[in-house]
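Since the structure comes first, as structure tokens, the remarks are kept for the end.
The values are calculated or read from the model by the stated rules, or taken from the named source; none is laboratory data. Note that the coordinates shown come from a computational prediction; the quantities given were computed from them, not determined experimentally. Counting neighbours? That spans all protein chains shown, and the Cβs are built from the backbone with ideal geometry, glycine included.
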Amino acid sequence: MSTVLIVGSQWGDEGKGKVVDFLTERADIVARYQGGNNAGHTVVIGDNKYILHLIPSGALHGGKKCIIGNGVVIDPQALIKEIDDLKNRGIDVSGNLFIAKNAHIIMPYHVALDKASEIKKGSGKIGTTGRGIGPTYADKIARYGIRAVDLLSLETLQRAVEFNIDRINFMLKNYYGAEQISPADLLNQYRSFAGRLSPFITDTVSLINNAYDRGDKILLEGAQGTLLDIDHGTYPFVTSSNTISGGACTGLGLPPSKINKVLGVVKAYTTRVGSGPFPTELKDALGERIQQKGGEFGATTGRPRRCGWLDAVALRYSVMVNGLTGIALTKLDILDGINPLRIATDYKYRDKLLGSFPYENEILQGCEPVYEEFEGWDDDTSGINDYDRLPKNAKKYISAIERFLNVPVQIVSTGQKRDQIIQLKEQF
Ligand code: GDP
Ligand code: IMO
Ligand code: MG
């Protein structure tokens with residue numbers, strides 16, 4: 001048993017970075033399989049806070065191999081900044097960072113298209129992070145994409161940019177009324193990025209498969225969350241990649257037979273950034289209290305996150321599509337002092353119980369959650385790292401989650417820091 005996959009079970013920001021950092025201690029390799037710098041994974045070590053967007057959260061341990069897989073879309077400027085920022089803080093990833101040759105590259109025109117498209121959509125906007133994620137994946141699928149391997153040959157890069165630029169500029173100018181991109185400026189900039197990144201660009205598919213065959217311990221780090229998945233999320237209010245566990249196979253070239261455990265990160269309540277349906281959302285003072293106490297402000301864009309009760313209907317769907325073998329429950333401490341607590345166990349639409357997570361946006365938007373109530377606890381749970389010391393009602397809340405989802409809670413996180421965690425079952 002040597003590959004453990006970490007996946008966001010809700011709408012992102014569940015605390016994946018914290019869980020990955022904790023589990024990296026015993027891992028040899030940490031690999032990201034999708035998303036891009038739309039992700040913001042926060043890791044707090046002592047008094048130092050790091051927010052990682054592209055580099056796997058395992059990098060903070062030093063000496064562990066970190067892979068940015070082919071399923072990730074890479075903004076070279078953002079990646080170089082992240083490498084440099086880490087170096088300035090004493091963490092040198094050179095020699096340990098590996099970028100997939102077949103990962104797609106975010107170009108400035110993808111960012112321009114992302115922003116222009118959001119403006120054009122007006123009130124129907126998705127609320128993207130504006131990082132060019134959607135247009136880059138769209139170009140990949142439409143076979144217009146530029147890959148990391150293309151950065152290794154300046155002629156190929158030039159040809160690829162020249163092949164794309166007229167089409168893109170036509171769209172920017174004539175459809176969006178936005179500024180056009182100068183190919184000469186773009187090429188100059190990307191030539192220098194290519195020089196910086198080329199030492200990291202390699203065949204990561206062989207690297208990870210060989211590592212598995214050798215018996216290395218591998219941690220796979222998902223970005224975003226299940227309900228933001230392009231196929232299985234609340235479309236169109238989703239991101240543009242397969243965020244679910246299955247995305248790790250295509251996003252790394254690692255077959256399903258080499259993934260042994262799937263740990264779903266579940267925040268003890270629910271949050272969502274950007275537009276889209278959110279049945280258990282609390283649009284009241286309690287929602288704001290959770291937002292303030294939980295520090296629920298985007299790690300990438302700083303936007304306030306919408307907050308609400310834990311949603312077992314959405315989570316059961318997440319358990320199913322990810323095949324979760326265990327749960328890492330985070331931010332339990334944020335629920336201290338809230339009484340009563342509620343968990344949605346079903347949705348009701350036009351007086352009928354739905355029994356499962358609906359695909360129709362109209363139903364998801366119009367349904368009413370059916371809640372089960374739980375007694376809260378007044379004790380301060382922050383930093384507790386022994387299960388037995390948790391308040392009785394906190395244990396009941398955890399047991400209820402296990403009962404609703406039929407998956408064991410194997411990790412409970414009680415604070416931002418590395419050691420503020422309870423491990424009930426070893427993952428490796
Ligand atoms: P990610 O995108 O899934 O990695 O999550 P983010 O980093 O965007 O958001 C999670 C936030 O919660 C970060 O600020 C973490 O430091 C913080 N966090 C993670 N686990 C806990 C926990 O158990 N308790 C508290 N209070 N904060 C936590
Ligand atoms: P991590 O990895 C939460 C959301 C955006 C928007 C939608 C589409 O930190 O959990 P995009 O820029 O991807 O096209 O935006 O997805 N979104 C996230 N929400 N956490 C994230 O990442 C997110 N990455 C994208 O807010 O609603
Ligand atoms: Mg985040």
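Say we look at segment 345-359 and pick out the residues that are part of a loop (DSSP other than H, G, I, E, B) and out of contact with any Phe, Trp or Tyr (no Cβ under 9 Å at 6 or more places or on another chain); which of these is surrounded by the most Cβ atoms within 10 Å (Cβ to Cβ)? Across segment 345-359, the extreme among qualifying residues is Arg350. I want to confirm something. Restricting to segment 124-165 and keeping residues that are outside any helix (DSSP H, G or I) and hydroxyl-bearing (Ser, Thr, Tyr), which single residue is farthest from Gln224 (Cα to Cα)? Among those residues, the one meeting the criterion is Ser153.
Checking the condition more than 12 Å from ligand 2 (Cβ to nearest atom) and of a type in the set (A, V, I, L, M, F, W, C), which residue from Ile51, Ile68, Ile106, Ile6 passes? Result: Ile68 is the single residue among Ile51, Ile68, Ile106, Ile6 that is more than 12 Å from ligand 2 (Cβ to nearest atom) and of a type in the set (A, V, I, L, M, F, W, C). Total residues in segment 150-170 satisfying the condition of being among the aliphatic types (A, V, I, L, M), surrounded by 18 or more Cβ atoms within 10 Å (Cβ to Cβ) and touching a strand residue (DSSP E or B) at 6+ places or on another chain (Cβ under 8 Å): the figure is 1. Within segment 172-196, the residues that satisfy the criterion of being over 15 Å from Met107 (Cα atoms) and in a helix (DSSP H, G or I) are Lys173, Asn174, Tyr175, Gly195, Arg196. Tell me yes or no: at least one residue of segment 28-40 is away from ligand 2 (no atom under 13 Å from the Cβ), at pLDDT 95 or above, surrounded by fewer than 24 Cβ atoms within 10 Å (Cβ to Cβ) and not hydrophobic (A, V, I, L, M, F, W, C). Scanning segment 28-40, I find at least one residue that is away from ligand 2 (no atom under 13 Å from the Cβ), at pLDDT 95 or above, surrounded by fewer than 24 Cβ atoms within 10 Å (Cβ to Cβ) and not hydrophobic (A, V, I, L, M, F, W, C), so the answer is yes.
Matching residues to (1) touching a Cys at 6+ places or on another chain (Cβ under 8 Å); (2) free of Cβ contacts under 8 Å to residues at least 40 places away in the same chain; (3) part of a loop (DSSP other than H, G, I, E, B):
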| position | (1), (2), (3) |
| --- | --- |
| Lys81 | no, yes, no |
| Leu86 | no, yes, no |
| Phe98 | yes, no, no |
| Tyr109 | no, no, no |
| Asp114 | no, yes, no |
| Ser117 | no, no, no |
| Gly122 | no, yes, no |
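Scanning segment 1-30 for residues that are within 14 Å of Val43 (Cβ to Cβ) and more than 10 Å from ligand 1 (Cβ to nearest atom) gives Leu23, Thr24, Glu25, Val30. Identification of strands (runs of 3 or more DSSP E) wholly contained in segment 224-335 with 1 or more residues that are aliphatic (A, V, I, L, M) and in contact (Cβ under 8 Å) with a residue 60 or more places away in the chain yields 261-267, 326-330. Cβ-Cβ distances below 7 Å connect the following pairs, each with a first residue in segment 24-45 that is under 22 Å from Gly225 (Cβ atoms), a second residue that is acidic (Asp, Glu) and within 16 Å of ligand 2 (Cβ to nearest atom), and a separation of six or more residues or different chains: Val30/Glu221; Ala31/Glu221; Arg32/Glu221; Gly36/Asp75; Asn37/Asp75; Val43/Asp21.
Per the conditions (1) within 16 Å of ligand 2 (Cβ to nearest atom); (2) on the phi > 0 side of the Ramachandran plot, the sole criterion not satisfied by Thr226 is (2). Looking across segment 128-147, just one residue is closer than 9 Å to His110 by Cβ, hydrophobic (A, V, I, L, M, F, W, C) and in contact with a strand residue (DSSP E or B) (Cβ under 8 Å, 6 or more places away or on another chain), and that is Ile133.
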